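Chemist: Mind having a look at this structure? Questions to follow.
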Amino acid sequence: MSDNIDDFDLPKINENVNLEYGVFLEVQEECSVVIEPEHLQAQAFLNLEQKFTYNEIMRHVNNDIPGVFFIDGPGGTRNTFLYKALLANIRSCGHIALATASSGVVANNMPGGRTAHSRFKLPINLKNNSVCKISRQSGITQLLWTAKVIIWDKASMAKRHALEAVVRTMKDITGVMLPFGGKIMVLGGDFKQVLLIVRHGTRAQSVNSSI
């Protein structure tokens, strides 16, 4: 008789699962993001508009109210400062808050930040009916289902099809037919600063591809 486990018709082990605790590594990684003390205190240094936005988003968080926000972020408005305050305070309450961005450089400016394509497993060739390339039993599915808030900076750079793919996927994961599956979604960007680029596209095509 063979001593090699590969010779037996057994289910494959999901290497992304921590067998000791039954928690996916993606969730563990998010729960282990370090919360910087200065980010926790950042809310005290927000300007009036930022404080209003911060308080409104936290009201949704504390009362489990679904909502989609878009934060207009022209250069110099310190929106990243606002995002860091939100991420730190939401995470300090024991919730999972995901930080994503359309640009890798921008994503690196947020604690635990990932690009939107990496976080949501967006297909490279997006179409009108695209969905994210994740399975129901995956760690990323558990992470998205558990997340209290998702921040997507520089969303103005993303194709409309990318956001629509995330909307479809989140609805499928949560079973809630509200935008983004009823999650609290914070989109940011500046259409005047960084607009979506369509190669060899007309103005009409660029507008049609934008969110």
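Chemist: Condition first: over 14 Å from the mean Cα position of the chain (by Cα) and among the aromatic types (Phe, Trp, Tyr). Now tell me which residues in segment 76-104 satisfy that.
Modeler: Selection gives Phe81 alone.
Chemist: For segment 176-211, which positions are in a loop (DSSP other than H, G, I, E, B), modelled with pLDDT of 95 or more and of a type outside the set (D, E, K, R)?
Modeler: Within segment 176-211, Val176, Met177, Leu178 meet the criteria.
Chemist: Condition first: under 22 Å from Gln28 (Cα atoms) and in a loop (DSSP other than H, G, I, E, B). Can you find one or more residues in segment 161-175 that meet it?
Modeler: no
Chemist: May I ask you to list the residues in segment 155-164 that are crowded, with 21+ Cβ neighbours inside 10 Å and farther than 27 Å from Asn63 by Cα?
Modeler: Listed by number, the residues that qualify are Ser156, Met157, Ala158, Ala162.
Chemist: Here's something else I'd like to know. Given the criteria β-branched (Val, Ile, Thr), in contact with a Phe, Trp or Tyr (Cβ under 9 Å, 6 or more places away or on another chain) and in contact (Cβ under 8 Å) with a residue 60 or more places away in the chain, does Val68 qualify?
Modeler: Yes, satisfied.
Chemist: Now for a different question. Looking at segment 56-98, which of its residues are of a type in the set (Gly, Ala, Ser), surrounded by 18 or more Cβ atoms within 10 Å (Cβ to Cβ) and part of a helix (DSSP H, G or I)?
Modeler: Ala85, Ala88
Chemist: Any residue in segment 179-191 that's under 14 Å from Leu144 (Cβ atoms) and in contact (Cβ under 8 Å) with a residue 12 or more places away in the chain: show its pairings with residues that are part of a loop (DSSP other than H, G, I, E, B) and β-branched (Val, Ile, Thr) at Cβ separation under 9 Å, as long as the two are six or more apart or on different chains.
Modeler: Listed pairs, sorted by first residue: Gly182/Val176; Lys183/Val176; Ile184/Ile65.
The values are calculated or read from the model by the stated rules, or taken from the named source; none is laboratory data. Note that the coordinates shown come from a computational prediction; the quantities given were computed from them, not determined experimentally. Here the Cβ is made from the backbone with ideal geometry for all residues, glycine too, and neighbour counts use every protein chain on show.
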